[in-house]
Amino acid sequence: MAAMMMMSSSALVGGLQALPLQGRLTKVGGPRGARLAPRLMTSLAGRVRCDAGQGQGPLADAKGVIDQQTKKTITKDDILRNQETNESEKKSVFGTEPTSGSFYPRPEVERRPETGDKSFWSVFAFDGAAPETINCRLAMLGFVWAVVVEKMSGQTVFEQVTNAGQPGLLYFLGAVQLFTYASLVPIMSGESTDARSFGPFTARAERWNGRIAMLGFFGLVVTEAFTHSAVFGF
């Protein structure tokens, strides 16, 4: 039976090839080996590799479909053209003209993940790709979460985070790490949020919703600090 298991370990099943087990099974002989072989096969059943289609598989096909439906390629020429024609790109929020190589403000072509520097200091600079994206997403999550918990428990945002036995602070720290990592993966791969859209879910809509959420969350915290009661409580 052990010999049969050794032969079946290299058989192809639906494009998936099991990892070779000869090196392990040849050391196990006799009746005891016959009893151990099924256990080894069971423990290694999930350790498979895909050899069909030269590394292509269902995950690669799904990624291709998603990219085709949602991804837009942004070239350097597109960025330079927008830099020349978009009035908001000619001056910063402080009215200063972007200068190449400056700390702030930088031209669009230098701060974009597609064409600019993707170092930590560049990505997390004041005009970098990461800060606003991460803050907007955390603000949207935080505002909705705060409202739901206030409706359920009647606690203010401050009480949700600081009261004994409340896991709000732990959840917040976990959300910060998760959203930061998820946001940095495409940025470090040279893809900005403007490169993705699906129906009404565009980078512009996300930015505006995130900015409104930041203002709403800040207003909620300040209001509750003065009233000492949950705005969305019972």
- [ ] Test Val161 against the criterion of being part of a helix (DSSP H, G or I), open to solvent by 50 Å² or more (accessible area, probe 1.4 Å) and closer than 21 Å to Gln68 by Cβ, and give yes or no.
- [x] no
Open item on the list: Given the criteria touching a helix residue (DSSP H, G or I) at 6+ places or on another chain (Cβ under 9 Å) and exposed (fewer than 10 other Cβ atoms within 10 Å of the Cβ), does Thr73 qualify?
Closed with: yes
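Every residue, every condition in (1) out of contact with any Gly (no Cβ under 9 Å at 6 or more places or on another chain); (2) open to solvent by 50 Å² or more (accessible area, probe 1.4 Å); (3) under 30 Å from Glu110 (Cβ atoms), yes or no:
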residue: Gln155; (1), (2), (3): no, no, no
residue: Gly165; (1), (2), (3): yes, yes, no
residue: Leu173; (1), (2), (3): yes, yes, no
residue: Leu178; (1), (2), (3): yes, yes, yes
residue: Gly199; (1), (2), (3): yes, yes, no
residue: Val221; (1), (2), (3): yes, yes, no
residue: Ala225; (1), (2), (3): yes, yes, no
residue: Ser229; (1), (2), (3): no, yes, no
Open item on the list: Consider region 188-206. How many of its residues are out of contact with any helix residue (DSSP H, G or I) (no Cβ under 6 Å at 6 or more places or on another chain) and in a helix (DSSP H, G or I)?
Closed with: 5
Open item on the list: Looking for something touching a residue at least 60 places away in the same chain (Cβ under 8 Å) and either among the polar types (S, T, N, Q) or not in a loop (DSSP other than H, G, I, E, B) (or both) - is there at least one such residue anywhere in region 72-94?
Closed with: yes
- [ ] Sort out which residues of region 113-153 are open to solvent by 30 Å² or more (accessible area, probe 1.4 Å), of a type in the set (S, T, N, Q) and in a helix (DSSP H, G or I), and write them in order of number.
- [x] Asn135, Ser153
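The values are calculated or read from the model by the stated rules, or taken from the named source; none is laboratory data. Remember, predicted model here, so these are calculated numbers, not experimental data. Cβ atoms come from the backbone with ideal geometry, glycine included; neighbour counts cover every protein chain shown. Accessible surface is based on the protein model in full, side chains and every heavy atom, while ligands, DNA and RNA are left aside. Shrake-Rupley method; radii C 1.70, N 1.55, O 1.52, S 1.80 Å.
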